[in-house]
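**Student:** Take a look at the following structure, please.
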Amino acid sequence: MDNRISKWCNVISLVLIVCFIIKTIFDYGKYSSTLTSAPFDIWILVNALYFVLPALIIFILGIIKKRKNK
């Protein structure tokens, strides 16, 4: 059962990374420097904060859970 938890953590992390890539591409398509005051790098940083940071935390928890089972 615990092995499945670590696999699910990896799957969730991968889904979050894919969502980050898709959201960043979508934001790039609708970004206009004349309409927004924030540079696009800030948009990427916010997307990373929302998607990549939780993915990293969940991935690390999956690794810890897997090592605990051994």
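Read the figures in this text as sums done on the coordinates, not as results from a lab. On a predicted model such as this, the values are computed, not experimentally measured, just so you know. A quick note on method: Cβ atoms are made from the backbone with ideal geometry, for glycine too, and the neighbour counts reach across all protein chains shown.
**Student:** Tally Lys/Arg at +1 and Asp/Glu at -1 over every other residue whose Cβ is under 13 Å from the Cβ of Ile12; what's the total?
**Tutor:** In short, +3.
**Student:** Provide the net charge surrounding Thr36, with neighbours chosen by a C-beta distance below 15 Å and charges set as Lys +1, Arg +1, Asp -1, Glu -1.
**Tutor:** Combined, the nearby Lys, Arg, Asp and Glu give -1.
**Student:** Which loop-located chymotrypsin sites (Phe, Trp or Tyr not before Pro) does segment 19-64 contain, where loop means any DSSP state but H, G, I, E or B and the Cβ has at most 15 other Cβ atoms within 10 Å?
**Tutor:** Here the chymotrypsin sites (Phe, Trp or Tyr not before Pro) that fit, given the DSSP loop and packing criteria, are Tyr31.
**Student:** Can you list which of the DSSP-assigned H helices in the chain have a Cα extent of 24 Å or more along the long axis and an average Kyte-Doolittle score of at least 0.0?
**Tutor:** Counting only whole DSSP H runs, the qualifying helices are 2-30, 53-69.
**Student:** Something else about it: Provide the net charge surrounding Thr24, with neighbours chosen by a C-beta distance below 13 Å and charges set as Lys +1, Arg +1, Asp -1, Glu -1.
**Tutor:** So the environment of Thr24 carries a net charge of 0.
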